[in-house]
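**Student:** To start, I am sharing the structure in question, which I have written as C-alpha cells.
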Amino acid sequence: MIAALSHNLGRWTSLIGLPNTTTRTAAVRRKRLFRIPARLTRTARQWTLRMPARWPWQQDFDDALTRIRALPALT
C-alpha cells in the first residue's frame with residue numbers, strides 16, 4: 001500500500017507541478033524531482049533548502065514547487 005501511495009503521489013506531482021512536460025517514468029521522476037542534492041538548513045526559525053548552483057533540473061523542481069504551492073487550500 002505504501003508503494004502504491006508513493007507512486008500515486010509522484011504521478012500527481014508530475015501532473016500538477018509540471019503539466020507541459022512529456023510523460024515520465026518513475027525512475028526519471030525520482031532522478032529529477034525527488035533525489036535532490038541539497039541540504040535542508042534552519043536559520044532564525046525558518047527552513048531553507050540549499051541547492052547546488054548548477055543542478056541541471058533545478059528549474060523543473062522550482063516550477064513544480066511553485067505550482068503546487070499555488071494550489072488553493074482545502075477548507
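**Student:** Out of everything in the range 46-75 that is among the charged types (D, E, K, R) and under 18 Å from residue 15 (Cβ atoms), what residue ends up being modelled with the lowest pLDDT? Before you say what the answer is, go through the steps one by one.
**Tutor:** Residues of the range 46-75 that are among the charged types (D, E, K, R), as a first pass: 50, 54, 60, 62-63, 67, 69.
When the remaining residues are screened for being under 18 Å from residue 15 (Cβ atoms), the result is 60, 62-63, 67, 69.
Details: 60: 84, 62: 87, 63: 87, 67: 91, 69: 90.
So the residue we want is 60.
**Student:** Of the residues that sit in the range 1-42 and are part of a loop (DSSP other than H, G, I, E, B) and of a type in the set (Lys, Arg), which one is surrounded by the fewest Cβ atoms within 10 Å (Cβ to Cβ)?
**Tutor:** 35
The values are calculated or read from the model by the stated rules, or taken from the named source; none is laboratory data. In this text, all values refer to a predicted model and were calculated from it rather than measured experimentally. All Cβ positions, glycine included, derive from the backbone under ideal geometry; neighbour counts span all protein chains shown.
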